[in-house]
Structures are given as C-alpha cells and as structure tokens.
1. Mind listing just one residue for me: the one in segment 48-63 that is part of a strand (DSSP E or B) and of a type outside the set (Phe, Trp, Tyr) and, of those, surrounded by the most Cβ atoms within 10 Å (Cβ to Cβ)?
2. The conditions are (1) in contact with a strand residue (DSSP E or B) (Cβ under 8 Å, 6 or more places away or on another chain); (2) at pLDDT below 95; (3) farther than 25 Å from GLU51 by Cβ, and VAL152 fails exactly one of them. Which is it?
3. With respect to the numbered conditions (1) at pLDDT 95 or above; (2) more than 25 Å from ALA47 (Cα to Cα); (3) basic (Lys, Arg), which one is the sole condition not fulfilled by LYS103?
4. Test LEU45 against the criterion of being aliphatic (A, V, I, L, M), modelled with pLDDT under 95, closer than 22 Å to GLU167 by Cα and crowded, with 20+ Cβ neighbours inside 10 Å, and give yes or no.
5. Scan segment 207-233 residue by residue and report those that are among the aliphatic types (A, V, I, L, M) and under 12 Å from GLY160 (Cα atoms).
6. If you go through segment 64-95, how many residues are within 18 Å of the chain's Cα centre (by Cα), within 30 Å of ILE139 (Cβ to Cβ) and part of a strand (DSSP E or B)?
7. Would a scan of segment 260-279 turn up a residue that is out of contact with any Gly (no Cβ under 7 Å at 6 or more places or on another chain), within 25 Å of SER203 (Cβ to Cβ) and among the aliphatic types (A, V, I, L, M)?
8. Within segment 237-255, can one find any residue that is in contact with a Cys (Cβ under 6 Å, 6 or more places away or on another chain) and buried (at least 16 other Cβ atoms within 10 Å of the Cβ)?
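The values are calculated or read from the model by the stated rules, or taken from the named source; none is laboratory data. A quick note: this is a predicted structure, and the numbers were derived from the prediction, not measured. Cβ: placed from backbone, ideal geometry, glycine included. Neighbour counts: every protein chain shown.
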Amino acid sequence: MAVTKEKTKKVSRSTGKVSATVRPRHKPKIAVWKFASCDGCQLSLLACEDELLDVVGQIEIAYFLEATTAVIKGPYDISLVEGSITTEHDIHRLRKIRQQSKKLIAIGACATSGGIQALRNFADVDDYTRAVYARPDYISTLRTSTPIQEHVPVDFELRGCPINKNELLELINATLNNRTPNISHVSQCVECKRAGTVCVMVSKGIPCLGPVTHAGCGNLCPSTDRGCFGCFGPSEAPNGLSLAKQLEKLGMTKHEIRDFFRSFNANAGPFRKTSEAYD
C-alpha cells in the first residue's frame, strides 16, 4: 500500500535551527455502497481478516455500513459499489455517489451484469411481483435489473459471485498507487490447466461453462468434479454458441442450455446472446 507519512520542516524559535518532523499524510477515503444484492461481495472484503487490518492502516473507511455505523462525508478517493440498479431511487443515488467519487469500482456479478435478479429481464416483472408479494401495488421497481455501468461511468469492474478477496485487495492497492491491477483476464480453462485439473467435460462429459467464463474463483468447481457455472461472467472473447453446440452433443436440451447460461450473470452480453439463441 502507499506510504502514509511525509516529512515536513519545523523552525525552532529558541535556536533558529530547522528540524525535520514526520506527520501523517492524508489517508485515501474509501466508501463501500450497496444496491440490490445479497451482500456477499461486501462480506468478501470483511473476510480478508489479517490482510484487511493492513489495508485499514493505510486508508480511511469513510462509509461501509456492513462493517460500521460511522459515516464520513465525501468526496471519496475510491467507491466500491455492490449490487444492481432496480429502482428509480437507485439511479438517483448512484449518480450522487459517482459525483462524490474520484474512482468508482463495480464489484460482483450484480454490479457488473445485473446479477441473478436480472432474470426478470427475460420475463414480465409484474408476474413476479404478483407471485411474491401479497400487495404488489406497494412495489415500485424498474422492469429490468441492470449493471452500474449502464447508468454512470465505471473505472473498473471486478467480476465474481462473490468476488475473489485477493483480487479485491490487489485492485485497491493498484488504484491507490496509480498502477494497472494484476488481475487475470484468461478463461476458467486456463485456470484448470495451471492447477493440473483434468477437463471434466472432455473426460467425464459433465456440462461446463469454463471455456467461456472469466477466471477468478481459484478453480473451485472443476477441481471437485463439477462443471463451471459461470460465476465470474464471460471471458474476454467467449464463443458461447460454439460451446452450446458441444453441450448439445453431451445430451442437453435447448431449454437446458438456455437455462445453463442464465444464472448469476444471465444479463451479461455474451451469456444473454447465447441463451436467447436457445429460447
């Protein structure tokens, strides 16, 4: 993390000599904001434990209701935003956050693609509200669930459901030190190869979204003989339709393939395009 102390000069009234003193430099202020989400990505930050103590020593947590009720007014050096935009009030609140933030980072599947709640984007939201709420007339909501970048400029998107805590620490470090974050941009398949995990789709015929999914989970599911579920969203240049053809060969029906692409990142462009082709 960045050094938070700087030297200053002080002149003694009695001797006239100049001496160097060390005083704390302004600590960067970080705010963590929540919109429509399960709080899992915020909990990933709290789960950093020992690493978080080092971070806190270098920054000032100005707003983070998941961790503290203390609130320090902006502007903020970094705003971490979790959750998707689902109401008109969300839009107005997000715009105010953007105005107060030097850097705004969207964290997690909800903030980067609309999350699991974006399944409403494929249906009539009124049907959902009538099925779930006894008084749907009290519910005020948008017809879609959308990512942060559709409403305000975003400086970086950190994928995952939930995010990888080590990637989050690296991103905060890089942002505060004005360098490019060292975060992988390869697919899950590359992560499997690096870990020595045998491909579950080739060896066992298990459906897997690994070839089109962004790495970041630490090879969690394939290492336990399960196919990837796409928790970290689409990789940089995914060929979803080609993978879908392979899934057909494994015996999946069109609707099964459609639903396979409609999970945590259902509204992410490449996943949505593939699922709609099988609708």
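1. Within segment 48-63, the subset part of a strand (DSSP E or B) is 60-63.
This time we only want the ones that are of a type outside the set (Phe, Trp, Tyr), so: 60-62.
Values: GLU60: 15, ILE61: 18, ALA62: 23.
This residue is ALA62.
2. Failing condition for VAL152: (2).
3. (2)
4. Working: aliphatic (A, V, I, L, M): yes; modelled with pLDDT under 95: yes; closer than 22 Å to GLU167 by Cα: yes; crowded, with 20+ Cβ neighbours inside 10 Å: yes.
Yes, satisfied.
5. Quick first cut of segment 207-233, residues among the aliphatic types (A, V, I, L, M) only: 209, 212, 215, 220.
ALA215 - this is the single residue of segment 207-233 that is among the aliphatic types (A, V, I, L, M) and under 12 Å from GLY160 (Cα atoms).
6. So the answer is 6.
7. Looking for residues that are out of contact with any Gly (no Cβ under 7 Å at 6 or more places or on another chain), within 25 Å of SER203 (Cβ to Cβ) and among the aliphatic types (A, V, I, L, M), one finds none in segment 260-279, hence no.
8. Within segment 237-255, the subset in contact with a Cys (Cβ under 6 Å, 6 or more places away or on another chain) is none.
No, the conditions are met nowhere in segment 237-255.
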